[in-house]
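Data block below; observations after.
The values are calculated or read from the model by the stated rules, or taken from the named source; none is laboratory data. Note that this is a predicted model, so its numbers are computed, not measured. Heads up, the Cβs are rebuilt from the backbone with ideal geometry, glycines too, and the neighbour counts pull from every protein chain shown. Please note that ligands, DNA and RNA were not included when accessible areas were found on the heavy atoms of the full protein model with its side chains. Shrake-Rupley method; radii C 1.70, N 1.55, O 1.52, S 1.80 Å.
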Amino acid sequence: MILGKVVGTVWATRKDEELVGMKFQLVKHVDLEYKLKDSFVVAVDTVQAGVGDIVLVTSGSSARQTAQTKNKPVDAVIVAVVDKLDVAD
Amino acid sequence: MILGKVVGTVWATRKDEELVGMKFQLVKHVDLEYKLKDSFVVAVDTVQAGVGDIVLVTSGSSARQTAQTKNKPVDAVIVAVVDKLDVAD
Amino acid sequence: MILGKVVGTVWATRKDEELVGMKFQLVKHVDLEYKLKDSFVVAVDTVQAGVGDIVLVTSGSSARQTAQTKNKPVDAVIVAVVDKLDVAD
Amino acid sequence: MILGKVVGTVWATRKDEELVGMKFQLVKHVDLEYKLKDSFVVAVDTVQAGVGDIVLVTSGSSARQTAQTKNKPVDAVIVAVVDKLDVAD
Amino acid sequence: MILGKVVGTVWATRKDEELVGMKFQLVKHVDLEYKLKDSFVVAVDTVQAGVGDIVLVTSGSSARQTAQTKNKPVDAVIVAVVDKLDVAD
């Protein structure tokens, strides 16, 4: 999984019918100090993550292993909201 | 999903028979201000996206989860046309 | 799919038995003006692409969705020979 | 598989229900001398790897091929703790 | 597939039980002149490749399409030992 921060939302009216009702979040990659990187991914939210939340994003076929995304044309999904990191010194 | 902009079309007469009838669009990656990056992908269009549209592209095995691309040798598909992004300040 | 140019062939006698009879092409990535990049991939050819051809390469599990590569340990396959690109100004 | 070093742990209370009970480790990529790179991945631990361990991480759909991660929305899993590398001079 | 050179072996006693008996090789990426790059991958060897051999590595779910790696948590496998490359001038 990659570590990211929700920075916004994507609005799209015209889309594959399998995607209707899904929420697409903009997730910027972050480092271990939560500093934003330039790269980002658009991920479906299944855990009601909000803007500003640090999250874990699962990619690829594993992104279809949640109840909401099963068999959907989705390749990135937010699977957790991070409380904190314990990083060894 | 990645965020991109349709910048053109690929013409290919000789191709795998499973790909006949598909439209291949050139999609350049963009940043959150829709600024074009150098990198791009060739994606099958299933939502009638046109040149200039900002789109979401699904990659990998998830690209085969649309009605048109099921079981096809396709690894990137346009699944939505983006209306707008809400990006937090 | 990625856009590339066939620049050569790989010869390999000792290989997984599932790969016997396949043709492995060296495909360099190209930009929208067909300029060669440094990066490349080795792809199975299913459309009789020759050296110098501009091609589309499908990667990952989707590379196993052609008649020739089904269930084979192949992660890249040439699926089309490109005639031309229409790129918007 | 990629070679990495466990540098910490991720705590996340709110998550996909399929992930309950899993341990998420922060794994930084390392080179052949175990020197840390900047990049990292969050991986589920199935071999009781601890902070400081050099590990192998399997990614993508293959990350779901362990007893603990089968059918779970997980795209990276620690599958081995490395004892040593034999690198040719 | 990617082109690489076997530069060593990984020893790991503690590992997922599905991996017992597999040989893990360190494979550095090479260019078309077999010059070593810095990047590398750990791949399961199914063709008895030895240190110094130039090899093809299959990644992702396709790495599970060999007799030895079927249904295993393996995302990279050596599928061929390269005899030579024919590269066009």
Going through region D:1-33 in order, the residues found to be open to solvent by 40 Å² or more (accessible area, probe 1.4 Å) and touching a strand residue (DSSP E or B) at 6+ places or on another chain (Cβ under 6 Å) are D:Ile2, D:Lys5, D:Trp11, D:Arg14, D:Lys15, D:Lys23, D:Lys28, D:His29
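Conditions tested, residue by residue: (1) closer than 18 Å to A:Ser62 by Cα; (2) within 12 Å of chain E (Cβ to nearest Cβ).
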| residue | (1), (2) |
| --- | --- |
| D:Val20 | yes, no |
| D:Leu36 | no, no |
| D:Ser61 | yes, yes |
| D:Thr66 | yes, yes |
Condition check for C:Val74: over 10 Å from the mean Cα position of the chain (by Cα) and touching a residue at least 60 places away in the same chain (Cβ under 8 Å): no
Going by the structure shown, is B:Val57 more than 8 Å from chain C (Cβ to nearest Cβ), more than 28 Å from A:Gly50 (Cα to Cα) and either more than 15 Å from the chain's Cα centre (by Cα) or part of a strand (DSSP E or B) (or both)? no
Subset of region B:1-20 (residues that are more than 14 Å from C:Asp86 (Cα to Cα) and part of a strand (DSSP E or B)): B:Ile2, B:Leu3, B:Gly4, B:Lys5, B:Arg14, B:Lys15
Region E:21-50, residues that are of a type in the set (Val, Ile, Thr) and either assigned to a strand (DSSP E or B) or without any contact (Cβ under 8 Å) to a residue 24 or more places away in the chain (or both): E:Val27, E:Val30, E:Val41, E:Val42, E:Val44
Among the listed residues A:Val41, A:Val10, which satisfies the condition of being more than 10 Å from the chain's Cα centre (by Cα) and aliphatic (A, V, I, L, M)? A:Val10
Can we say E:Leu56 is at pLDDT 95 or above, within 16 Å of C:Thr9 (Cα to Cα) and either surrounded by 16 or more Cβ atoms within 10 Å (Cβ to Cβ) or of a type in the set (A, V, I, L, M, F, W, C) (or both)? yes
